[in-house]
Structures are given as C-alpha cells and as structure tokens.
Amino acid sequence: MSNTVVVISAGVGTPSSSHLLGEQLGKATQRVLAAAGRPIEVQHVELRTLASDLAHQLVTHVPSPALTDVYGAVGRAVGVIVVSPVFNASYSGLFKLFFDLMDEGVMAGRPVLLSATGGTARHSLVIDTAILPLFHYLKALISPVGVFAATADWGDSTSQLSSRIESAAREFGQLVAERPGTPMQDEFSTEIDFADLLRGA
Amino acid sequence: MQIGIFTVGDITTDPTTGATPTEHERIKAAVAIATKAEEVGLDVFAHGEHHNPPFHPSSPTTLLGYVAAKTDRIILSTATTLITTNDPVKIAEDYSVLQHLAEGRVDLMMGRGNTGPVYPWFGKDIRDGISLAVENYALLRRLWREPVVDWEGKFRTPLQGFTLAPQPMDGVPPFVWHGSIRSPEIAEQAAFYGDGFFHNNIFWPITHTRQMVNLYRRRWEHYGHGPADTAIVGLGGQFFMRRNSQDAVREFRPYFDEAPVYGHGPSMEDFMQQTPLTVGSPQQVIERTLSFRDAVGDYQRQLFLIDHAGLPLKTVLEQLDLLGEILPELRKGFDQNRPAHVPEAPTHASLVAAAEADRVHRDELVAAVDDVTGRSPYDTVGAGEKA
C-alpha cells in the first residue's frame, strides 16, 4: 500500500513561489498525519521540468518515460496537492496540460488539496472559479480548504499564510487518513470475461 | 517467421522537395512496392484502409486483388480492416472473393479506426468502437463458418436465412489478426477466438507492447488454445537504412521531423531510444529487430512500415532492396533458439491441412454411418438452419 502524497506544482520560476507553497503544504500534511500515527512520504513534481515532454505528448499521444513515471506515481498516491500560479485569471497552461494528458479516472476519488499563487490577493478566487471546476470534472475528492498565497503574503504576518497552510493541511490530512486514494488498477492485469463483451455488457 | 511490410497509404508531401504525389501516383506506388516486396523475398504485404484524405486506400480489396494478379507467392493482408464502420457482410463477401482470386494468399488484420468523423459517415459512433468490433466480428466469423446464418444484433439490420456467396476457399476462412495499440478488450478478443494479435509497435515503447502481448498470451492459454508461448503474435516496426548509419540519419531526419503523427514532437534520437524506430545501418536494423523477441517472446510475424511521411517511391524501393539483403540474417536470428513447439503463423495451406486432420480425427471417433438410420452424423442440417 502506497503512503505517498504527490505535490504537483506548475510554477515556472526558480525559485518558484508555487513550489515553495507546495513544499510547505507537503510538510504540514506530513506533520498532521504523523501526529495521527499515519506517516507519509511526500513526492514533489515540478511541471516545468516536464514541459517539453508534455508538449510532445500533446502532439504524439505518447508519454515520455519520465511522464509515465509521474502519472504512475499520481495513480498510486494516497493524496495529491496541486499548486498553480495564476496566469490571466486562471491556472497556467502547463498545469492544465498535465491534467489534460492524464489517463481518464486517475484523479477520481483521490483526495486533492487545491492551492494557487498569484501576484496580488485580487486573484484569490481563482481556486473557486477555475481550479475547483476542473477537479470536480475529474471527480477528485476535493479537500474543503484551499490556500491562495499572494506575493505579499510571504512577508506579511497579518496574511496568516502559515495558519492557513496549517488549517488546509489539517482538513486534507483528515481526508487522506479517512479516504486515502487507492492505486489505479493496471489496465493489463484486468481480466475481462469476453462473454460479457459479447453480450454487450 | 513471416517478415513483411505494411503501409497505411498516406499521401504526404516530401519535405525535402515540396513535391506531393497524386492519389494516382500513390496507388500505383503501392502496387510497385507490393511487387517489389515479393521480388526481394518478403512474406507479407499488408495494406491499410482509410476513408478520408490524406489517405487513398478506401477500397483495399480492389487494390489487393490487382496485387494478387501481379504476384505469385506473397501473402496479402490488411493493416487494418475497419471492423467497426464496415458492414461485416461486405467484409465476408469481399475477402472471400479476394481469397479465391489469390489462391488463398490472404489474411486480415482487424482494427477499429481512430478518426471520429469517419464513423458517422458510415452511420456509426466512435464511442461504440469496442462494441462494434465485438459484435461485427462475431457475425463475420459466423458468416465464414456457417452455411446459413440467422442473426440479430444491435448495430446492423438482422439476417434471416443468409448464405455467404462465395463461400471461403476450400471451406477455410482467411486467418484473422486483431490489431490494437492499447485496448485490452481487443487482446482479449484475439485470445478468446484463438486468432492472432498484432501490435503496431511504432509509437510506444516496447515495454508497453510487451504488456499488451503478455495479456493476450495469458488469455490465449486461459481460453484453452494452448500454452501462452504458442499464441500467434505479430509486431510492427519501422526503420530507415543506409549502408552507412550517418547517411541514414542525415537522409531520414527531415522526413522524421515533418512526419504525420509524431513529427514536430520529440527529437529523432529520443524517439529512437523510446520506440522501436531504427535509423541506421543494416546491422543496426538487424540487431534492433531481433531484440523485439526479448520483449515479447518468439513471435510469428514482423511487419515494417517503410513508405510513409512523403518518402519517394525510389527511396522506398531502395529500402526494400536493403531489407531483402538482411532477410537471411533476420530469419537466421529469429530461428535461433526458437523452441520447436512455437508454431508458425497459420497460412491457407496450414489451415486446410488442420481442417482435414480435424475431419479425419472426428471420423475415427464416431462411426461413419449410424447403425439404425444409415445416415452419417455429418448429414444433419446446418447449425444455423431450422429443421
């Protein structure tokens, strides 16, 4: 049984505030679950390193070995933390591409914590207006508290970023503990009864 | 081991000259390629079927019938026959005629077709792809095997008292392969019937191809056709050869970079590493091709795609000359350490012999004539008929 939470961040800079937020959410989730007696591993995926692989898959339909590994890891994760920078009032194209090219059903029923970063707090509704519908469509199990971090939040104690991260991690950790994502079944190990296919089942 | 070529019949601009062959030129090129394939000693020529530009082969049996008249020995096959959008009755009729004209040198590879708009043009829906493949093929099998067919299904008008004309040659239907890149249902279908399974082995890593083939082999055994390593497996593949590997790389790169499907994607070097594409010397093609066996086990048919992406006919014919030259080496390699119980791909002759052996076997098991009625047990009305 996997005990890995995968953090997908779509930040493009190095260092990137999306990656930083993902790291903090991952650590906070680890603490919450360790305290509940369920230690987890956290695997970080930075989509910027997979950008050309994703572009190639878009036009050739074939995932690179690196992408195959990442999609496999998501398919086994007990939970997924996603972080996108805000581009033009929505998630970035790179972020969308990763989920567009994912096999159907991988996110279904899998706990997911939604988060985003942006230049100003005026973008903070992007989680509700853009990211939430995407993960509803993917039938993910969406954690009730997301985190938006504006640039200024990182230096402003009144932004309560740390406590917002803690509270998001608490809700997400509880979801992972109670309803962990289950490994995707290997499509080649599934045994279909051909008689069912013949009957049109 | 059968070694041959398959073509999808794309009409693509040659990126090095900007010249686009006409449909007429490509159709005649297909015939030239097929006859050359026989001349260099290949075993199989398989032709695609498409119903939309930029492809020409909308009527594969017309083309293959013409090729049959121009050749003597090579097996004519398809890559693939659209079992989804074609009427199975018409497939049964067309390929029965072709089988007679070609003296049995015919088999088929079933495929679904992945172009959404083509389905509605034939009154179908791509979302029913698997169901269509399952129902249509089940009917096709009966049409080729039962003298009178009563049938009712979901996708086609019912048949009452239908008899296929002409019946398959020698009462033996053409052997069928099922091609699929990643649908386990199709591997299952091939295994269920004891038919062949073909993986195109062009776009995906061989590790993926292995998963599909292993599923088919496992289920072949499950359905009682024999041990997994006796299942009938075919693979695709592609190469571009020149005596000097640098020349091959230099000459093929512009075609690769602009190729339909994978062009404008990964670099040729990445693609060669991640997929079975080999661009290099004859020796490199031999080594790479013989390595497929390590992934999927001893198999029965290897087909190469060599005429796509705008390659001019002259170049394709040169590729066939080179393939002919390495053919003895490839055959020797495939034969090496091949267990005796691994069968060859069925041919018309082997299927006729098997049917004959089966008939003799049944005669030995039961009395030829019933003591009371004086009738042979084989005089009974056909399976599809009502007494």
Inset, instruction - Would you check which residues across the range A:155-182 are assigned to a helix (DSSP H, G or I) and surrounded by fewer than 14 Cβ atoms within 10 Å (Cβ to Cβ) and list them? - result: A:G155, A:S157, A:T158, A:S162, A:S163, A:E178
Legend entry - Looking only at the range A:64-88, and only at residues there that are of a type outside the set (A, V, I, L, M) and part of a helix (DSSP H, G or I), the one that is farthest from the other protein chains (Cβ to nearest Cβ): A:R76
Legend entry - Identity of the residue in the range B:150-164, surrounded by fewer than 19 Cβ atoms within 10 Å (Cβ to Cβ) and part of a loop (DSSP other than H, G, I, E, B), that ends up nearest to the other protein chains (Cβ to nearest Cβ): B:K154
Inset, instruction - For the range A:73-92, name all the residues that are under 15 Å from the mean Cα position of the chain (by Cα) and either among the acidic types (D, E) or over 20 Å from A:I165 (Cα atoms) (or both). - result: A:A73, A:V74, A:G75, A:R76, A:A77, A:S92
Inset, instruction - Restricting attention to the range B:247-262, report how many residues are buried (at least 18 other Cβ atoms within 10 Å of the Cβ) and either small (G, A, S) or within 11 Å of chain A (Cβ to nearest Cβ) (or both). - result: 3
Inset, instruction - Could you please let me know if A:S18 is of a type in the set (S, T, Y), in contact with a strand residue (DSSP E or B) (Cβ under 6 Å, 6 or more places away or on another chain) and modelled with pLDDT of 95 or more? - result: yes
Inset, instruction - Please work out which residue is farthest from the chain's Cα centre (by Cα), limiting yourself to the range B:50-73 and to residues that are surrounded by 12 or more Cβ atoms within 10 Å (Cβ to Cβ) and of a type in the set (A, V, I, L, M, F, W, C). - result: B:F55
Inset, instruction - Residue by residue through the range A:178-192, note down the ones that are polar (S, T, N, Q) and either within 16 Å of B:I181 (Cα to Cα) or within 14 Å of chain B (Cβ to nearest Cβ) (or both). - result: A:Q185, A:S189, A:T190
Legend entry - Subset tally (residues that are touching a helix residue (DSSP H, G or I) at 6+ places or on another chain (Cβ under 7 Å), not in a strand (DSSP E or B) and not hydroxyl-bearing (S, T, Y)) for the range B:1-20: 4
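Rundown of residues vs (1) among the hydrophobic types (A, V, I, L, M, F, W, C); (2) at pLDDT 95 or above, yes/no style:
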{"residue": "B:L317", "(1), (2)": "yes, yes"}
{"residue": "B:P328", "(1), (2)": "no, yes"}
{"residue": "B:R331", "(1), (2)": "no, yes"}
{"residue": "B:D335", "(1), (2)": "no, yes"}
{"residue": "B:S350", "(1), (2)": "no, yes"}
{"residue": "B:A367", "(1), (2)": "yes, no"}
{"residue": "B:K386", "(1), (2)": "no, no"}
Legend entry - Selection from the range B:21-42 of residues that are in a loop (DSSP other than H, G, I, E, B), surrounded by fewer than 21 Cβ atoms within 10 Å (Cβ to Cβ) and of a type outside the set (G, A, S): B:P21, B:T22, B:V40
Inset, instruction - Please verify whether the range B:212-230 includes one or more residues that are farther than 20 Å from B:T80 by Cβ, away from chain A (no Cβ under 12 Å) and part of a strand (DSSP E or B). - result: no
Legend entry - Scope the range B:136-149; condition outside any helix (DSSP H, G or I) and surrounded by fewer than 18 Cβ atoms within 10 Å (Cβ to Cβ); matching residues: B:E146, B:P147, B:V148
Inset, instruction - Only residues that are surrounded by 22 or more Cβ atoms within 10 Å (Cβ to Cβ), closer than 18 Å to B:Q302 by Cα and within 14 Å of another protein chain (Cβ to nearest Cβ): list them for the range B:165-191, please. - result: B:H178, B:S180, B:A187, B:A190
Legend entry - Meets criteria (crowded, with 21+ Cβ neighbours inside 10 Å and within 14 Å of chain B (Cβ to nearest Cβ)) for A:H56: yes
Inset, instruction - Would you point out which residue out of A:G118, A:G105, A:G155 is of a type outside the set (F, W, Y), in contact (Cβ under 8 Å) with a residue 12 or more places away in the chain and closer than 21 Å to A:G26 by Cα? - result: A:G118
Inset, instruction - Scan the range B:222-241 and report the pairs whose first residue is in contact (Cβ under 8 Å) with a residue 24 or more places away in the chain and more than 24 Å from B:L320 (Cβ to Cβ) and whose second residue is of a type in the set (V, I, T) and assigned to a strand (DSSP E or B), with Cβ atoms within less than 9 Å and a gap of 6+ or a chain change. - result: none
Legend entry - Only one of B:N244, B:N201 that is out of contact with any Asp or Glu (no Cβ under 9 Å at 6 or more places or on another chain) and crowded, with 19+ Cβ neighbours inside 10 Å: B:N201
Inset, instruction - Determine whether B:P21 is within 24 Å of B:T115 (Cα to Cα) and modelled with pLDDT under 95. - result: no
Legend entry - Among residues of the range B:81-135, those that are in a helix (DSSP H, G or I), surrounded by fewer than 23 Cβ atoms within 10 Å (Cβ to Cβ) and of a type outside the set (A, V, I, L, M, F, W, C), counted: 12
Inset, instruction - Determine if the range B:118-126 includes at least one residue that is within 20 Å of B:F198 (Cβ to Cβ), touching a helix residue (DSSP H, G or I) at 6+ places or on another chain (Cβ under 7 Å) and more than 14 Å from chain A (Cβ to nearest Cβ). - result: no
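For (1) assigned to a loop (DSSP other than H, G, I, E, B); (2) among the aliphatic types (A, V, I, L, M); (3) modelled with pLDDT of 95 or more, each residue gets a yes or a no:
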position: A:S2; (1), (2), (3): yes, no, no
position: A:K27; (1), (2), (3): no, no, yes
position: A:V42; (1), (2), (3): no, yes, yes
position: A:A51; (1), (2), (3): no, yes, yes
position: A:V62; (1), (2), (3): yes, yes, no
Inset, instruction - Collect the residues in the range B:302-314 that are over 27 Å from B:H225 (Cβ atoms) and in contact with a strand residue (DSSP E or B) (Cβ under 9 Å, 6 or more places away or on another chain), keeping them in residue-number order. - result: B:F304, B:L305, B:I306, B:D307, B:H308, B:A309, B:G310, B:L311
Inset, instruction - Report yes if B:T275 is within 14 Å of chain A (Cβ to nearest Cβ), on the phi < 0 side of the Ramachandran plot and in contact with a Phe, Trp or Tyr (Cβ under 9 Å, 6 or more places away or on another chain), otherwise no. - result: yes
Inset, instruction - Would you tally the residues in the range A:133-154 being more than 12 Å from the chain's Cα centre (by Cα) and outside any loop (DSSP other than H, G, I, E, B)? - result: 11
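The values are calculated or read from the model by the stated rules, or taken from the named source; none is laboratory data. It should be emphasised that the depicted structure is a prediction, and the values quoted were computed from it without experimental measurement. As a convention, Cβ positions derive from the backbone with ideal geometry for all residues, glycine included, and neighbour counts pool all protein chains shown.
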